[in-house]
Amino acid sequence: MSCEETFPAAPPSRLTELEQRIGAKLPDAYRAYLGTQDGGAPGGYNHVGIEVIFGVGEVPGWASLWRFLDSSGDVIPDGSIPVGADGGGGLFLLAVTGTDRGSVWYQSGELEEDDSGAVLPVVRERLADTWGEFLASIGPLEDRRP
C-alpha cells in the first residue's frame, strides 16, 4: 500500500500517551507502523474505500486520531480505536483488547436505533486479522482481480 500523502514517524511519547489514554498496549504491528509512518492518505480509489489513515503526532486535524477519539467516542466499540475513515463517515477500527486484539474492522457511518433504544452502526464487519493484512489489502481497484 502506498499513500499519496504521508506524515513523519510519530514520536514515542505520543504512542505512550495514546496507550495511556486507551488503557491498553497498541498491537506491535500498528505501533511499529506509527513509529515509521504516522498515517496518511492513500491515493485514488482502493479496495476497502479508506481515504485516510489517522496519525497521532504532528498531523493535520482531518488526519488526527485524537480528534476522532474525542468526537466519535460514543460509536466506537469498547476495546477498539479508530485508525481511519472513508468518505461517507465510516470508520476503520483496530481492536486493542480481547480475543480480537490486532484485528481491523469497518463500521459504517450510518446508525440505527434497536428495539432497546441503543444506537448502533448499520454495518460492522471484520476486514483483516492483523494490521499487516489490512495494509496489504489496500490496493488500487484496478490492481484487484476477481
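Say we look at region 51-68 and pick out the residues that are in contact with a helix residue (DSSP H, G or I) (Cβ under 6 Å, 6 or more places away or on another chain) and part of a loop (DSSP other than H, G, I, E, B); which of these is farthest from Ala10 (Cα to Cα)? Only one residue tops the list, namely Phe54. Scan region 69-82 and give yes if some residue there is out of contact with any Phe, Trp or Tyr (no Cβ under 9 Å at 6 or more places or on another chain), outside any strand (DSSP E or B) and over 24 Å from Gly23 (Cβ atoms), otherwise no. No, that holds for no residue.
Determine which member of the set Ala85, Ala95 is more than 15 Å from Ile53 (Cβ to Cβ), surrounded by 14 or more Cβ atoms within 10 Å (Cβ to Cβ) and small (Gly, Ala, Ser). Step through it out loud before you land on a result.
Details: Ala85 fails: more than 15 Å from Ile53 (Cβ to Cβ).
Going through Ala85, Ala95 in turn, the sole match is Ala95.
Kindly indicate whether Asp100 is among the acidic types (Asp, Glu), modelled with pLDDT of 85 or more, buried (at least 16 other Cβ atoms within 10 Å of the Cβ) and closer than 26 Å to Glu17 by Cβ. Yes: the conditions hold for Asp100. For region 32-50, a residue qualifies if it is farther than 23 Å from Gly79 by Cβ and at pLDDT 85 or above, and the qualifying residues are Thr36, Gln37. Among the residues making up region 103-122, a single one is surrounded by 12 or more Cβ atoms within 10 Å (Cβ to Cβ), modelled with pLDDT under 80 and not in a strand (DSSP E or B): Gly109.
Based on what the data block shows, is Asp115 more than 25 Å from Trp62 (Cβ to Cβ) and either without any contact (Cβ under 8 Å) to a residue 12 or more places away in the chain or of a type in the set (Phe, Trp, Tyr) (or both)? Here the answer is yes, as Asp115 does meet what is asked.
Could you tell me which of the residues Ala29, Ala9 is modelled with pLDDT of 95 or more and either closer than 16 Å to Gly90 by Cα or not in a strand (DSSP E or B) (or both)? Quick ask: steps written out before the conclusion?
Details: Ala9 fails: modelled with pLDDT of 95 or more.
Ala29 is the lone residue from the list that is modelled with pLDDT of 95 or more and either closer than 16 Å to Gly90 by Cα or not in a strand (DSSP E or B) (or both).
The values are calculated or read from the model by the stated rules, or taken from the named source; none is laboratory data. Only a predicted model underlies this, so the values are computations on that prediction, with no experimental measurement involved. Reconstructed Cβ throughout: ideal geometry from the backbone, glycine too, with neighbour counts over all protein chains shown.
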